[in-house]
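The values are calculated or read from the model by the stated rules, or taken from the named source; none is laboratory data. Please read all numbers here as calculations on a predicted model, not as lab measurements. Note: ideal-geometry Cβ built from the backbone for every residue, glycine included; neighbour counts use all protein chains shown. Side chains included, ligands, DNA and RNA excluded: accessible areas come from the protein's heavy atoms. Shrake-Rupley method; radii C 1.70, N 1.55, O 1.52, S 1.80 Å.
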Amino acid sequence: MPEDLSLVAVCPEDMAVSYSVPLTTVAIPSDEVGRLAVEMVIRQLDGAATPEVRLLSPRLTPGHSTAPRRR
């Protein structure tokens, strides 16, 4: 990697650096996902009938498992 193959992992950043080649990652914001889920459930229990959709911005952390973009 990354000459023949580029790899992007969806995982916690601390897990990605433990490999022999530090991986490029898209982090899972588990704390924020959990907090939002609890808030949404509480609103539903309080009578909010409208379903909600929340989108979180992804966070890409470059590592050594992806090659630079060629132009």
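If a residue must be of a type in the set (A, V, I, L, M) and open to solvent by less than 100 Å² (accessible area, probe 1.4 Å), how many such residues does the range 57-71 contain? Here the count works out to 1.
The residues of the range 40-61 that are of a type in the set (S, T, N, Q), in a loop (DSSP other than H, G, I, E, B) and under 24 Å from Val26 (Cα atoms) amount to a single one, Ser57. Scanning the range 2-39 for residues that are assigned to a helix (DSSP H, G or I), under 13 Å from Ser65 (Cβ atoms) and modelled with pLDDT of 90 or more yields a total of 0. Residue pairs whose Cβ atoms lie under 6 Å apart, separated by 6 or more positions or on different chains, with the first residue in the range 56-71 and within 20 Å of Met15 (Cα to Cα) and the second in a loop (DSSP other than H, G, I, E, B) and β-branched (Val, Ile, Thr), are His64/Val21; Ser65/Val21. If the condition is being open to solvent by less than 100 Å² (accessible area, probe 1.4 Å) and in contact (Cβ under 8 Å) with a residue 24 or more places away in the chain, then the range 2-16 contributes Pro2, Ser6, Leu7, Val8, Ala9, Glu13, Ala16. Of everything in the range 17-56 that is open to solvent by 50 Å² or more (accessible area, probe 1.4 Å) and hydroxyl-bearing (Ser, Thr, Tyr), the residue that is farthest from the chain's Cα centre (by Cα) is Thr50.
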